[in-house]
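Quick notes on the structure that follows.
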Amino acid sequence: MVQPVPQTQAELRLRNLSRVLHLLADDGPLSRAEVAARTGLTRAAISSLVDELLRAGLVMESSRDRSGSVGRPGTALEPADHGPCGIGAEIGVDHLAVCAMDLRGGVRVRLDSPMTAGDTRPDRVLAALAAMLGDLAEECEGLGLRPAGVTLAVPGLVARDSTTVVRAPNLGWEEVDPAPLLPTGHGPLRVENEANLGAVAERAAAPAGTGRDLLYVSAGIGIGAAVLVDGELLRGARGFAGELGHVPVSPDGPPCRCGSTGCAETLAGEEAVLRAAGTDPGEGPRAPLLAEVRARCEGGDERALAAVD
């Protein structure tokens with residue numbers, strides 16, 4: 001995506017601070033000279049930018065081994081392992097999870113909790129998530145980390161430029177805004193479809209030189225999808241582009257939670273696979289049941305193989 005040209009010196013400086021921090025996060029540790037060479041900025045400019053990042057606690061210096069060299073060891077720059085951190089939260093159909101990621105991209109704290117099957121009322125789910133965020137914040141404080149913002153992944157459609165979950169059929173949610181029911185002390189809240197975030201994460205973790213166009217499919221209890229075009233999410237007019245699980249693929253198929261019939265999710269979701277394999281999904285954890293179906297496939301069980309196929 002073409003970035004807007006900075007209009008003022010302040011905007012230009014912010015852009016350059018961002019460039020340096022992203023470079024160190026992706027390729028650090030690096031010396032000041034290496035940062036200057038890779039960004040094309042002068043050493044004087046880099047020195048000023050680095051000093052500002054050091055004062056802000058976003059970057060730290062460490063000794064650099066100069067094996068075989070004479071003189072004092074050099075110093076290298078890398079993102080700080082303390083200070084601001086990003087908070088990720090997830091509402092799944094059968095679980096909740098929160099984590100804290102530092103500026104180096106490392107997950108420092110993660111908390112998971114199963115969710116009672118069938119009890120996905122927004123007030124109960126969000127109260128449990130709020131408690132987990134509080135516990136996470138306490139652990140972050142002990143590590144010298146402070147939340148700078150929260151991104152919440154949900155298995156449903158999120159209205160563009162808002163925090164409102166328009167519809168999440170597998171949760172039974174319609175027009176639910178999590179923002180009023182979550183803590184406000186962890187920075188700004190962003191709510192996003194889980195498949196969209198999965199696509200962005202896959203692109204970020206891809207090896208250098210990987211193409212910037214990507215189709216991502218998330219298949220579990222539900223089925224989600226997202227499309228990246230030139231590295232950017234394809235959202236559509238309302239923000240729902242890429243939705244796959246509730247596309248009808250069999251007009252005479254089984255009824256779906258969304259109110260339609262024969263959606264892709266009813267034929268290829270976890271529950272559909274388990275039932276086709278002759279296993280009752282029940283209301284408990286799915287992982288052991290899926291492991292059982294996999295073992296049956298590996299043993300040549302024809303019904304299990306047909307279900308997966």
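The values are calculated or read from the model by the stated rules, or taken from the named source; none is laboratory data. Remember, it's a predicted structure, so these values are computed and weren't measured experimentally. As a convention, Cβ positions derive from the backbone with ideal geometry for all residues, glycine included, and neighbour counts pool all protein chains shown. The protein model used for the area step is the full one, side chains on, heavy atoms only, and it has no ligands, DNA or RNA in it. Shrake-Rupley method; radii C 1.70, N 1.55, O 1.52, S 1.80 Å.
Checked against the criterion of being without any contact (Cβ under 8 Å) to a residue 60 or more places away in the chain and either open to solvent by less than 80 Å² (accessible area, probe 1.4 Å) or within 17 Å of the chain's Cα centre (by Cα) (or both), the candidates THR184, THR164 yield just one match: THR164.
Look at (1) at pLDDT 95 or above; (2) closer than 25 Å to GLY269 by Cα; (3) not aromatic (Phe, Trp, Tyr) and you find that VAL166 fails only one, number (1).
Of the residues that sit in segment 94-127 and are within 20 Å of VAL150 (Cα to Cα) and part of a loop (DSSP other than H, G, I, E, B), which one is most open to solvent (accessible area, probe 1.4 Å)? It comes out as ARG104. Of the helices (runs of 4 or more DSSP H) entirely within segment 231-309, those holding at least 1 residues that are within 29 Å of the chain's Cα centre (by Cα) and of a type outside the set (A, V, I, L, M) occupy 264-268, 270-276, 287-298.
In segment 8-19, the residues that are more than 12 Å from SER48 (Cβ to Cβ) never reach a residue that is of a type in the set (Val, Ile, Thr) and at pLDDT 95 or above with C-beta atoms less than 7 angstrom apart, at least six apart or across chains.
One residue stands out among those in segment 257-280 that are of a type in the set (D, E, K, R) and over 20 Å from VAL247 (Cα atoms): the one that is least open to solvent (accessible area, probe 1.4 Å), which is ASP280.
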